[in-house]
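Asker: First, the structure itself, so that you have it in front of you.
The values are calculated or read from the model by the stated rules, or taken from the named source; none is laboratory data. The structure presented is a predicted model; accordingly, all values stated were derived computationally and were not measured. Ideal geometry is used to build each Cβ from the backbone, glycine not excepted, and the neighbour counts take in all protein chains shown. Note: areas computed on protein heavy atoms with side chains; ligands, DNA, RNA excluded. Shrake-Rupley method; radii C 1.70, N 1.55, O 1.52, S 1.80 Å.
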Amino acid sequence: MAERYGNIIGWGKYVPERVVTNADFEKMLDTSDEWIVTRTGIHERRHASQDENTSQMSTAAARDALEIAGVRPKDLDLIIVATSTPDHLTPPVSSQVQHMLGAGNVGAFTLVTGCTGFVYALATAQQFIASGTADNVLVVGAELISRFVDWEDRATCVLFGDGAGAVVVQATDEPSGVLSFVLGSDGSGAEHLILPAGGAAIPVSHEVLVKGQHYLQMNGREVFKFATRVLGKSLRQAIAEAGLTSKDIDLIVPHQANIRIIESAARKAKLPMEKVFVNIQKYGNTSAASIPIALCEALEEGRAKVGDTLAFVSFGAGLTWASAIVKLAERKQPVRKRKWQFPILKWFSRNGVVEEEEAKEEQGVPVN
Ligand code: UT7
């Protein structure tokens, strides 16, 4: 039986129209364009309008990805949405996206690992495809962080932006998709990047609002040190696990958090900056959306193309880190092991047992 790989066959992005420049922040905070640009590389970011939310941005990015892939929403087998800023704590935003897309009643879940969410989700999608349980998986990274930052905290609010990116991953027997990945976490650094209240530990209360514990809080310096420590290492590990060397990587698509962190990761992986895709200047840090948005733009601009081997590298809240080596292969006829592997068994289990039991249940007959 041929191996199954998850090739990325479609990509899409959505960013809100509203551009917020560093000059806009200069008007409301004790900050400067010069500080923000030299310390982070950010010139502007996008902020969602009041009538936009995470499910809409995710759905818009997903629609574009599905169109490029030529996959209908109802042909999806699984939907994974990586986000830390969903519409609601519950229900999961993934089910909203499934509904808004008009996908079938397939499994959909939200994955929360902060800025590393998209890479975690892509590695997860690959497992579903490799195991033969899914042929077409939609992976979305989306964030609406502007609703969670303290507008008086100059050390965080200037950094983040809103947006969504999506890919369609399809089963193929061509070695492609996630060739290797490195996932890691270190919860001992949880307090360095945290939204303290609103969860079970500290429910929302008057006191929470007074103290501003419903806003994202970050110890930038500690996160910076952590990022420069883990990024280069996890990238080198992922390259080695794919059986490759730095020379085999055509383009790094890193999490866009800070240009200085990106430069450090490239240096440690012995890759020149010409091989790194950077768009932080336009969007700031869009957390779990940053890599799929950057991938989308790299493909649109011809910086990445079919046949290329890419490296995704990210870090974020948790603290977590995630790197993946991803091959973009020529699109082939999709492999459909799931549909024909055990046709008689499938027919029997679906049409026989399940339908018989459903009919009994509807009639109020107890089912064993
Ligand atoms: O996706 C993961 C999310 N997190 C990150 O990516 C954050 C990683 N960390 C960073 O990117 C950097 O640490 C920052 C950009 C957040 C900060 O840069 P830094 O070079 O580490 O600056 P710092 O925190 O050491 O602050 C230096 C100074 C401080 O003033 P004092 O104490 O030296 O007087 C800050 O108060 O810069 C001040 N500062 C600002 N000044 C002007 C902090 N934010 C601003 C600001 N404008 N927006």
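Asker: Put a dot 7 Å past each Cα toward the Cβ at GLU3 and ASP308; how far apart are the dots in nm?
Answerer: Between ASP308 and GLU3, the simple spin-label model gives 2.3 nm.
Asker: Compute the label zone of LEU29 within the stretch 35-71: residues whose backbone N is under 14 Å from the point 7 Å along Cα-to-Cβ.
Answerer: In the stretch 35-71, the label zone of LEU29 (backbone N under 14 Å from the point 7 Å along Cα→Cβ) covers 35-47.
Asker: Pulled fully out, how much extra length does the chain show between ASP150 and THR21, if you take 0.36 nm times their separation in residues and subtract their Cα-Cα distance?
Answerer: Stretched out fully, the ASP150 to THR21 stretch lengthens by 44.7 nm.
Asker: If you wrap a convex hull around the C-alpha atoms of the stretch 1-160 and split its volume per residue, what is the figure in Å³?
Answerer: About 126 Å³ per residue, rounded to a whole number.
Asker: Give the percent of DSSP beta bridges with both residues in the stretch 1-137 that are antiparallel, rounded to the nearest 5.
Answerer: Taking every DSSP beta bridge with both residues in the stretch 1-137, the antiparallel ones total about 35 percent.
Asker: A follow-up question, please. HN-Hα J couplings of the stretch 69-79 from phi, Karplus 6.51/-1.76/1.60, θ = phi - 60°, integer Hz, Gly and Pro as x?
Answerer: 6, x, 10, 7, x, 6, 8, 6, 9, 6, 10
Asker: What ranking, highest mean first, results for peptides 140-148, 183-191, 50-58 when packing means the other Cβ atoms within 10 Å averaged over each residue?
Answerer: Packing order, densest peptide first, comes out as 140-148, 50-58, 183-191.
Asker: Here's a follow-up. Only four residue types carry charge here, +1 at the Cβ of Lys and Arg and -1 at the Cβ of Asp and Glu. Report the dipole size of the chain about the Cα centre in Debye, rounded to the nearest 20.
Answerer: Once rounded to the nearest 20, the dipole reads 1120 debye.
Asker: Next question. Check which residues have an amide H placed less than 5 Å from GLY163's amide H, if you skip close sequence neighbours.
Answerer: It is GLU143, ILE145, by chain and number.
Asker: Working out 0.36 nm times the residue gap between ILE194 and GLU263, then minus their Cα-Cα distance, what length gain in nm do you get to one decimal?
Answerer: The span from ILE194 to GLU263 would gain 22.3 nm if fully extended.
Asker: From the residues ALA142, ALA125, LEU244, which one has its Cα farthest along the dipole of the stretch 5-327 in the positive direction, the dipole being from +1 and -1 charges on Cβ of Lys/Arg and Asp/Glu about the Cα centre?
Answerer: LEU244
Asker: Holding the Cα-Cα limit at 30 Å, pick out from LYS27/LYS305; LYS27/LYS275; LYS247/LYS282; LYS225/LYS305 the pairs that are longer than that.
Answerer: Result: LYS27/LYS305; LYS27/LYS275; LYS225/LYS305 exceed 30 Å.
Asker: Go ahead and run the numbers for FRET between THR245 and SER205, Cβ-Cβ distance against an R0 of 56 Å, rounding to 0.05.
Answerer: That gives a FRET efficiency of 0.55.
Asker: So between LYS270 and VAL112, what do we pick up on full extension, going 0.36 nm a residue minus the alpha carbon distance?
Answerer: Length difference between fully extended and current span is 53.8 nm.
Asker: Rounded, prolate or oblate for the chain? Axes are the square roots of the Cα gyration tensor eigenvalues, ordered a ≥ b ≥ c, and the cut-off for rounded is a/c under 1.5.
Answerer: Oblate, since a/c reaches 1.5 and b/c is not below a/b.
Asker: Name the most mobile residue of PRO196, PRO73, PRO86, meaning the one with the largest mean-square fluctuation, in a Gaussian network model of the chain with Cα contacts below 10 Å.
Answerer: Ranking PRO196, PRO73, PRO86 by mean-square fluctuation puts PRO196 first.
Asker: Rolling a 1.4 angstrom probe over the protein heavy atoms, how many square angstrom per residue are accessible across the chain?
Answerer: It amounts to 46 Å² per residue over the chain.
Asker: Starting at the first residue of the stretch 184-189, write each ³J(HN,Hα) from the Karplus equation 6.51 cos²θ - 1.76 cosθ + 1.60 with θ = phi - 60°, in whole Hz, x for Gly and Pro.
Answerer: Whole-Hz 3J(HN,Hα) from phi for the stretch 184-189: x, 8, 9, x, 5, x.
Asker: Sticking with this structure for a sec: Restrict the search to the stretch 222-308; then list the trypsin sites (Lys or Arg not before Pro) that DSSP places in a loop and that have at most 16 other Cβ atoms within 10 Å of their Cβ.
Answerer: Of the trypsin sites (Lys or Arg not before Pro), the ones in loops of the stretch 222-308 whose Cβ has at most 16 other Cβ atoms within 10 Å are LYS270, LYS305.
Asker: Using a cut-off of under 13 Å, list every residue of the stretch 1-43 whose amide N is near the label point 7 Å from the Cα of ASP173 along the Cα-to-beta-carbon line.
Answerer: 1-5
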